[in-house]
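Written below as structure tokens is the structure these notes are about.
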Amino acid sequence: MGGTELLQFVLAGLKNGSIYALVALGFTLIYAATGVINFAQGEFYMLGGMLSVWAYADLGLPLPLAGLVGVAATAAVGGVFELGAIRQRKDGDPLALIVITVGGSMVLSSMARHLFGPNERPLPLFSGGGSVSVFGAVLEVQTIWILGLTALAVVGLWYLYNRTGLGRAMRACAVNRDAARIVGIDTRLMVTVSFLLAAALGALAGLAVTPLTQTAFDVGPTVGIKGFAAAILGGLGNPIAAVVGGLVLGMLESVSIAFISSTYKDAIALIVLLAVLFMRPQGILGRSSREKV
Amino acid sequence: MSSEPRTVLSVEGLHAGYGHVAVVRGIDMRVAEGELVTLIGANGAGKSTLLKALVGLVPPSAGTVRFLGEDITRMRPERAVRAGLALVPEGRMLFGPMSVEENLELGAQVTDRTQTVGSLERVFDLFPVLAERRSQTAATLSGGEQQMLAVARALMARPRLLLLDEPSLGLAPKVIKEIFGALRKLKDEGLTILLVEQDARLALKHSDRGYVMRTGSIALAGDAADLLEDDDVRLIYLGAWRGEGESS
């Protein structure tokens, strides 16, 4: 395999990897706030694309505005889901909450099917179908959008986490919930904010990919499981690890297509998930145990 | 005592616990403004649970808690700290991966932002070592420094009542002395303090009054000096309460 071909696979890996990274960030944010895996995370990805299509095709909004509506509406769905379902479980029992997210995932995809139909729905490319050449490899303009939006979201999230009072409160909540409460942090509000953000990140991924892949009511679970694998691979609860995990998973898939066969591409995430859980449950960037001071 | 000092905290018939197990069973107590009151008792007597119930970390199942005249029973912890109750919890509960300064700023988040600098100066004055360690993460501090940080973080909220749960636990005598010196200083400045302590002799020496807790209720109350002379209390110092601890 030549260098150009290899670069082509690397670019593809980066593209898919950044999508997984966004979804993984959603898993990580909610896990940090609640200690729970949100199995509805993939549906936020689906809704991001679907609601953008709806705003663009059905409401007739211009594409940038439609994308904004899609992401904002999905964030709102995430917030309502937290207020209406997660928060209602008063004792916060993790197992019960996980079951609630599984149920939520089914409700969201069924509703999408009911409201938007069973067919695949397209969205135009953000700025046409052009491509640029990078050392001989082809880089589609939409891929640049995907990489750029991901980078923007990661930087924005970093800023929120490390440079704002809200982010500091969220981190405090992740370290020790009771400690956060006694210094005056409304931990329930932090959970709601986490769901809003996680939904927005998933939606952004769905929005950015839909012009390349189209979307449908049932695209959530596949991407959800990959984002989950990426979050586990990096080490749950750490945003940077989620991004690294996403990119690594994207690369592994790409490499597997290059050297094995594209048939096994979707199995890679599951193999990675199992391998990590067996051999290094704390993830590649995680510490060996979750200590609490 | 010529004029009756104002009551800061009054607790009546308080019950609290986990699930169906009541650990605190009918507590009556009162803390007046400017007092340092100690709560002593054997392990498992319910002291920590009582403190948690006061700030709302463990919801009371019966009884009332009044703070500065306001009924705060079942108030959520994030509201209680705004009302003026700050807890230095058992095990300190610091934000380990975050810096000393961040821990302190989190402690100050219920106060007006303009007060934060003044509050920081105050706690650095009280515990100068925290100023030296301000950019270090809390997890890297020694046990004594962590305890100081836990006290300092609670003070950042500018509380009217400071609740401390076992501040001497696991610390060297020199550090314990320093922490009790700080509490003394805070009391002299007029802060009202309710202290839970295993080391009853040490705590009572610094206190105005004391309560002895036994299997969830108050067994004995009185002036600290009297309690220090009490035969039963003397037995607790040795860790034995006539074997009744085992029956609970």
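The values are calculated or read from the model by the stated rules, or taken from the named source; none is laboratory data. From a predicted model like this one, the values you see are computed outputs, not experimental measurements. Please note: Cβ atoms are built from the backbone with ideal geometry, for glycine as well, and neighbour counts cover all protein chains shown.
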The residue that is modelled with the highest pLDDT, considering only those in the stretch B:202-248 that are among the small types (Gly, Ala, Ser), part of a helix (DSSP H, G or I) and more than 17 Å from the chain's Cα centre (by Cα), is B:ALA225
Scanning the stretch A:154-164 for residues that are more than 14 Å from every other protein chain (Cβ to nearest Cβ) and surrounded by 14 or more Cβ atoms within 10 Å (Cβ to Cβ) gives A:VAL154, A:LEU157, A:TRP158, A:LEU160
Of (1) charged (D, E, K, R); (2) free of Cβ contacts under 8 Å to residues at least 40 places away in the same chain; (3) over 19 Å from B:LYS185 (Cβ atoms), B:GLU166 fails just (2)
request  = Looking only at the stretch B:68-83, decide whether some residue is hydroxyl-bearing (Ser, Thr, Tyr) and within 14 Å of chain A (Cβ to nearest Cβ).
outcome  = no
Would you confirm, using the coordinates I've provided, whether B:ARG214 is touching a Phe, Trp or Tyr at 6+ places or on another chain (Cβ under 8 Å) and within 18 Å of B:LEU51 (Cα to Cα)? yes
Of the candidates B:ALA86, B:ALA80, the one satisfying the condition of being assigned to a strand (DSSP E or B) and either in contact with a His (Cβ under 6 Å, 6 or more places away or on another chain) or within 30 Å of A:ALA169 (Cβ to Cβ) (or both) is B:ALA86
If we keep only residues of the stretch A:170-191 that are over 17 Å from B:ALA154 (Cα atoms) and in contact with a Cys (Cβ under 6 Å, 6 or more places away or on another chain), then the residue farthest from the other protein chains (Cβ to nearest Cβ) is A:MET190
Exactly one of A:SER133, A:SER105, A:SER110, A:SER194 is away from every other protein chain (no Cβ under 11 Å), in a strand (DSSP E or B) and among the small types (Gly, Ala, Ser), and that residue is A:SER133
Taking the stretch B:179-201 and keeping only residues that are assigned to a helix (DSSP H, G or I) and surrounded by fewer than 17 Cβ atoms within 10 Å (Cβ to Cβ), one is left with B:GLY181, B:ARG184, B:LYS185, B:ASP188, B:ARG201
Among the residues of the stretch B:43-74, the number that are surrounded by fewer than 21 Cβ atoms within 10 Å (Cβ to Cβ) and among the small types (Gly, Ala, Ser) is 5
When the stretch B:85-103 is checked residue by residue, the ones that are more than 18 Å from the chain's Cα centre (by Cα) and either surrounded by 20 or more Cβ atoms within 10 Å (Cβ to Cβ) or facing another protein chain (nearest Cβ under 9 Å) (or both) are B:PHE95, B:GLY96, B:PRO97, B:MET98, B:VAL100, B:GLU102, B:ASN103
| query | Is it the case that the stretch A:231-239 has a residue that's within 14 Å of chain B (Cβ to nearest Cβ), in contact (Cβ under 8 Å) with a residue 60 or more places away in the chain, of a type outside the set (Phe, Trp, Tyr) and under 30 Å from B:ALA80 (Cα atoms)? | reply | yes
Over the stretch B:15-30, the set of residues surrounded by fewer than 24 Cβ atoms within 10 Å (Cβ to Cβ) and either assigned to a strand (DSSP E or B) or touching a Gly at 6+ places or on another chain (Cβ under 7 Å) (or both) is B:HIS15, B:GLY17, B:TYR18, B:VAL21, B:ALA22, B:VAL23, B:ARG25, B:GLY26, B:ASP28, B:MET29, B:ARG30
Considering the stretch A:110-153, residues that are surrounded by 13 or more Cβ atoms within 10 Å (Cβ to Cβ) and aromatic (Phe, Trp, Tyr), and then whichever is nearest to A:GLY13 (Cα to Cα), we arrive at A:TRP145
ask   = Hey, does the stretch A:201-223 have a residue that's among the β-branched types (Val, Ile, Thr), within 14 Å of chain B (Cβ to nearest Cβ) and in contact with a Leu (Cβ under 7 Å, 6 or more places away or on another chain)?
value = no
Only unsatisfied item for A:GLY167, checking (1) surrounded by fewer than 17 Cβ atoms within 10 Å (Cβ to Cβ); (2) more than 14 Å from every other protein chain (Cβ to nearest Cβ), is (2)
Flagged pairs (Cβ under 7 angstrom, 6 or more apart or on separate chains; first in the stretch A:66-95, farther than 16 Å from A:MET46 by Cβ; second small (Gly, Ala, Ser) and exposed (fewer than 14 other Cβ atoms within 10 Å of the Cβ)) are A:ARG89/A:ALA96
The one condition A:GLN214 fails out of (1) surrounded by fewer than 24 Cβ atoms within 10 Å (Cβ to Cβ); (2) within 19 Å of A:ILE30 (Cβ to Cβ); (3) among the polar types (S, T, N, Q) is (2)
Among (1) closer than 20 Å to B:LEU183 by Cα; (2) more than 12 Å from chain A (Cβ to nearest Cβ); (3) touching a residue at least 40 places away in the same chain (Cβ under 8 Å), B:GLY118 falls short only on (3)
Flagged in the stretch B:137-154 as surrounded by 22 or more Cβ atoms within 10 Å (Cβ to Cβ), within 11 Å of chain A (Cβ to nearest Cβ), among the hydrophobic types (A, V, I, L, M, F, W, C) and in a helix (DSSP H, G or I), in numbering order, are B:ALA138, B:LEU149, B:ALA150, B:ALA154
